[in-house]
Each structure stands twice: as structure tokens, then as C-alpha cells.
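The values are calculated or read from the model by the stated rules, or taken from the named source; none is laboratory data. Here the structure is a predicted model, which means the values were calculated and not measured. Here the Cβ positions follow ideal geometry from the backbone for every residue, glycine too, while neighbour counts run over all protein chains shown. Keep in mind that these areas ignore ligands, DNA and RNA; they rest on the heavy atoms of the full protein, side chains included. Shrake-Rupley method; radii C 1.70, N 1.55, O 1.52, S 1.80 Å.
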Amino acid sequence: MTREIRMEKPGDEAAIDRVNCAAFESMAEAHIISGMRRYYPGFDPRYSLTAWDDDECVGHVLFTPARMRFMGRTVSALTLGPIAVSPSAQKSGIGGELIQRGHDLGRQEGYAF
């Protein structure tokens with residue numbers, strides 16, 4: 001089994017929906033992500049990260065760029081959520097890998113936090 005963590009690509013939407021539905025046992029998070037793609041001007045697919053075991057999407061995390069007030073100044077940040085891992089792949093480190101990759105990407109892009 002080969003694990004790959006990468007940015008969301010066109011055509012990944014259904015796989016991301018499946019992971020979120022399985023992890024949360026509802027469509028709520030899948031609807032949130034779909035709505036963010038369609039309606040939130042700050043949505044950036046570079047911060048929608050997916051984890052794949054071979055050809056199966058087993059994890060997803062969405063980071064959203066935001067401006068926040070912190071200690072009296074406005075800084076750029078990446079907010080996290082939702083994060084989902086397929087039930088069969090939970091407790092294998094995938095969630096932590098996705099979060100770490102997002103943090104690394106945010107640092108490279110100059111986000112304060």
C-alpha cells in the first residue's frame with residue numbers, strides 16, 4: 001500500500017465527500033466543504049489536502065485562509081476544519097500527517113499561524 005498526501009485536484013470531490021460522510025456518519029461536513037468550494041471567495045484548493053492509500057481517498061483536511069486579530073494586530077492565518085479520516089484508517093497517523101502537511105504549507109506561504 002502506498003500512501004500519498006496531496007492537494008485536492010479536480011475530480012476529487014466525490015472521494016472527499018465519501019471520506020467525510022463515513023467519518024462523521026452524516027452529510028453535514030461534505031455540504032460544508034462543497035459550499036466552501038462554491039461560495040467562499042477565500043477557498044483555495046491548495047489548502048484542501050487529501051490522503052490516499054493507493055487509489056482510495058482515506059483522509060481529508062480543509063485549511064481556510066483568514067485574517068485574524070492577534071495581540072492588537074491583524075495577521076494571516078489558516079483555520080483548520082473539518083478533518084476526516086475513513087473509519088478503517090483511523091488511528092494510523094493519517095490525521096496527524098494531514099495537519100502537519102497543512103502547517104508546513106502555511107509556514108512556507110508565510111502564514112502567521
Worksheet, complete the sentence: note: region 1-67, Cα-Cα separations exceeding 18 Å make up a percent value of 33 percent
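Carbon-plus-sulfur fraction of the accessible area of region 54-113, 1.4 Å probe, in percent?
51 percent
Can you tell me the length gained on complete extension of the stretch Ile99 to Tyr40, counting 0.36 nm per residue apart and subtracting the Cα distance? Intermediate results must be reported in sequence, preceding the final value.
Details: separation 59, 0.36 × 59 = 21.24 nm, distance 2.14 nm.
Stretched out fully, the Ile99 to Tyr40 stretch lengthens by 19.1 nm.
If the only charges are +1 at each Lys and Arg Cβ and -1 at each Asp and Glu Cβ, what is the size of the charge dipole of the chain around the Cα centre, to the nearest 20 debye? Write out the running numbers ahead of the final one.
Working: 13 positive and 15 negative charges, 140 e Å.
The calculated dipole for the chain is roughly 680 debye.
Translational D (Stokes-Einstein, µm²/s) of the chain at 20 °C and 1.002 mPa s when Rh comes from the Kirkwood sum over C-alpha pairs?
Values: Rh = 14.4 Å.
D, rounded to a whole number, is 149 µm²/s.
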Fill in: In degrees, nearest ten, helix 13-24 long axis to first principal axis of the chain (Cα)
90 degrees
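On average, how much accessible surface per residue is there in region 1-54, in Å², for a 1.4 Å probe, leaving out ligands, DNA and RNA? Before the final figure, lay out the partial values.
Numbers: 3150 Å² over 54 residues.
Heavy-atom accessible area per residue stands at 58 Å².
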Response to the item:
For Asp55 and Arg69, extending 7 Å from Cα along the Cα-Cβ vector and measuring point to point gives, in nm, a value of 5.2 nm
Fill in: Solvent accessible area, Å² - Met36, 1.4 Å probe, full protein context
40 Å²
